[in-house]
Structure formats: C-alpha cells, structure tokens
1. If you check B:LYS5, B:LYS50, which single one turns out to be within 11 Å of DNA strand D (Cβ to nearest atom) and modelled with pLDDT under 95?
2. Which one of the conditions (1) in contact with a strand residue (DSSP E or B) (Cβ under 6 Å, 6 or more places away or on another chain); (2) buried (at least 20 other Cβ atoms within 10 Å of the Cβ); (3) not polar (S, T, N, Q) does B:PHE129 fail to meet, given that it meets all the rest?
3. Kindly indicate which of B:ILE150, B:ILE67, B:ILE77 is crowded, with 21+ Cβ neighbours inside 10 Å, within 30 Å of B:PHE55 (Cβ to Cβ) and touching a residue at least 60 places away in the same chain (Cβ under 8 Å).
4. Restricting to region B:124-147, name every residue that is within 25 Å of B:ASP193 (Cβ to Cβ) and free of Cβ contacts under 8 Å to residues at least 24 places away in the same chain.
5. What number of residues within region B:22-36 satisfy the criterion of being out of contact with any Gly (no Cβ under 9 Å at 6 or more places or on another chain) and in a helix (DSSP H, G or I)?
6. Across region A:177-205, what is the total count of residues that are touching a Ser or Thr at 6+ places or on another chain (Cβ under 8 Å) and of a type in the set (Ser, Thr, Tyr)?
7. Considering each of B:GLU57, B:GLU39, B:GLU76 in turn, give the residue that is within 16 Å of DNA strand D (Cβ to nearest atom), acidic (Asp, Glu) and assigned to a helix (DSSP H, G or I).
8. Taking the condition of being more than 9 Å from every other protein chain (Cβ to nearest Cβ) and closer than 21 Å to B:ILE11 by Cβ, how many residues in region B:83-107 meet it?
Number of protein chains: 2
Amino acid sequence: MNAKKIPDIIIGRLPVYLRALQHMADAGLKTTSSQELGEHVGISAAQIRKDISQFGEFGKQGTGYSIEFLINKLREILKVDQSWDVIVIGAGDLGHALAHYQGFKNRGFRVAGIFDNDKNKIGQTIGDFVIEDIATLNDRVKAQNIKIAIMTVPAAAAQEVADKLVQAGIKSILNYAPVNVNVPSNVKIQYSDPATNLQRMTYYL
Amino acid sequence: MNAKKIPDIIIGRLPVYLRALQHMADAGLKTTSSQELGEHVGISAAQIRKDISQFGEFGKQGTGYSIEFLINKLREILKVDQSWDVIVIGAGDLGHALAHYQGFKNRGFRVAGIFDNDKNKIGQTIGDFVIEDIATLNDRVKAQNIKIAIMTVPAAAAQEVADKLVQAGIKSILNYAPVNVNVPSNVKIQYSDPATNLQRMTYYL
DNA sequence: TAGATTGTTAATCGATTAACAATC
DNA sequence: TAGATTGTTAATCGATTAACAATC
C-alpha cells in the first residue's frame, strides 16, 4: 500500500519543476516557495504543493523549499540522479543534431551511439560517433543494457524500427517521426514531431 | 454564441488525428470510423467522436467518416489549409536540422529564414539559406507578416530572443531551449526540450 | 431490412483550486 | 511573537466514458 499510483500528468510536470529549480540554483538562490516556483513555470502554487507532496514532505512551513534538497529529491524520483545511455536511430540532420546535443549530459543522459540502415552512412564519422549498422542494434542494446532510444527515422520506417527497439529491450522511446507507433504497454513513448507541434498552435492564429 | 470555447486539450489532439488520417489516405483508404481511428492513435472512439463533433457533424451513421472530407475539415479548423512562413532562431545543429526539415512542406509550413547573433555564422550558407543577423529579425517579421518562430537558442538567450519575437509580432513559438519563457497571453508557446522529454519517461524505468 | 456507427446526454472519473490548520 | 508558507481536505471544475436514440 506504499506504492500509490502517481498520475502521469504529475510525473510530466516534475521535469519542468526540476529545470526551473536548477535554473534558480545556478542563479545562486537557496530557497524558494510554491508561489515563486509557480510563477517561473506558469503553474498554480497549490498545484505545485500538491504535486510535490505526493512524494513526501519536502518543504517547511514559513520558509518554503530548499532548492538543493528539492533538486536532489526530484532527480531521485525521476531516476535522473544517474546517467542513462541513449541511442539515436536515424542519422539524418535531426539525428546528427541530437547525437551532438550538449544539453543531455547534465540532465542524466549520454548518447551511446547512432544507428542507420543506409550503407552509405554506416561507418561514417559524425563528431565522436561512427554511424553504426542498425543490424547490430539488438546486440548493442542487450550488451550495454540500454533502455532509452531516440527515433529520428522516416515515418515509413518508424513502426519497424520501434519493433526492433522493443525486441532489443528498449523501454523508453522519444519519437521524432511524424507517425503514431504501437508499442507494448510496458514501453513508454513520447512524441515530438516538429510539424505536429506547430499545428497545435496555428488554430489560435 | 457561436464561438464556444474549445478546450486546448482537444485542439492538441486534432493534429494527431490529422496525421493519422493523412496516413490512411496515403494508404488508399476512403472512409474510417471513430473506432478505427481510435485504434491508430490510441484514443477511445467516444472521445474521438466527441472531439470531432465540437466542430460540426462530419460523419454519417452507419458508415463513419470520409477520410478526405475529414482531412479537409481538420486542415481548415487548424488553419493549415495554407502555408505559414516560419523562422528559425539559432543556427546551431538543431536549428540547421529544423531549417532543412522536409516534413514541414506538406503540413502547412515553409521555413522562411534562419537567424543567429554570432558574427561568424551570419552570412554563411546552409542549404538554401543564408544565416541572417538577428538584428534584422524585427524588420523581416514585420515586412513578411510572419507569425511563427522556432527557437533553438541557448537557454541563457531564450527569454531575450522570445521578447524580440513577441515585439516583432510573432504569435506562436516552438521552443527547443531548455528553459521556461514568459510571453504575453496572446502568444502561444510549445516546449520541446529534448532532455525534458526524456526525463518524462525515466520515472517508469 | 439489419447492421453499423454517429452525435449527444448523463454518469463517472480525475484534476485543479480554494481554504485553512499546523507549524516553522 | 507575527508573518509566511506548507501539506492536506473539501469543493469545484473539467475531461472522459458509457450508453443509446437517431439514422445511414
């Protein structure tokens, strides 16, 4: 009865709180309140208190939250108090950009490799990486126990690639391909198709 | 009393329906049902019917929805039955990738330019684009009446850039920078920070 | 016609907000 | 102490689902 199920919508906000808190810490701040944090992220103070209180009593009446302490707790809860190996599938422009992305390393991730199925790309060097053959993906993922993949493949290839990833043991997929993909319920998938993201805003123009 | 307010959460699902319908159309299908569409996108049939019915009676009892008709309606509703000029701010790897992105052109968008503030980058050619000076952004946005921008700038620059965009008349911002940004309530912003997206999934590992 | 499927209403479920006692 | 702010409860609000008459 300890493991009460936390709603996905709350989990989804925690990385936003964490990012804002790290920003505050970088600015030299020591404590914050639900009010102040809420103003930073555009969420009500009540909701922030409720979200955080799901995981324990991390604040103090009268003074608020220790930024450093709350950062540590959130990193623990989100399991980003460690470094996860991530692979990138699809060595197009977007794959290149994400393989090089400097923003992962302080946030719990390390790119462990980039894969493609194009014989002309395999073996080529991009930055620190050599593009690997997708045929070797299964062995790599299993040998290194990799759990997270980023897909930057064409829409037509996405389902097939996702199936291979799941087969290899990947449990989290960040999908930039503009297509819905079916995965088993024990695998998490996040969609980040650029055109879909833009289309969410044009209605309001 | 015609303009009842449609919840944001419904608007956010429409591009997903549209993408799935276009996929079906490409496969040569002519009609679909809320049941079938729901299976494609992982949403209940009841919710799809409810969402779509906000905008009119687009289906037929017994037979479902004409895919082509529904595509046209959704494109109209989302205002992507036209081509929007989009600018990219920040000519790093991610900015390059998005400026080159081939997936925009059939989905209502055209990249109209890419800007940076780095004197060493300004004037350089990337594909069809010459990197422009961010100092010229205001004039360009106003002259071409551009409404949409993609930000791929460092976190430290994001608020300042967003202020400039808003000042110039941009109304929709797709933000890849890992930071929260304040914009007036008449400007829409979507966040797409890669590390945050990954952190939404590690909890479940 | 019989079967299928919509659009819509009512019921349920879940998320957010308001309020406040506890307490630092 | 007085002021501030948490954690939590109850109230409100909103979203999802179930069910079904209408009808193609």
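The values are calculated or read from the model by the stated rules, or taken from the named source; none is laboratory data. Please read all numbers here as calculations on a predicted model, not as lab measurements. Note that each Cβ is placed from the backbone with ideal geometry, even for glycine, and that neighbours are counted across all protein chains shown.
1. On the way: B:LYS50 fails: modelled with pLDDT under 95.
From the options B:LYS5, B:LYS50, the qualifying one is B:LYS5.
2. (2)
3. One residue alone meets the criteria, B:ILE150.
4. B:GLU132
5. Taking region B:22-36 as the starting set, the residues that turn out to be out of contact with any Gly (no Cβ under 9 Å at 6 or more places or on another chain) are B:22-30.
Filter again for in a helix (DSSP H, G or I), leaving B:22-26.
Of the residues in that region, 5 qualify.
6. 3
7. Details: B:GLU57 fails: assigned to a helix (DSSP H, G or I); B:GLU76 fails: within 16 Å of DNA strand D (Cβ to nearest atom).
Of B:GLU57, B:GLU39, B:GLU76, the one residue that is within 16 Å of DNA strand D (Cβ to nearest atom), acidic (Asp, Glu) and assigned to a helix (DSSP H, G or I) is B:GLU39.
8. The number of residues fulfilling the criteria is 1.
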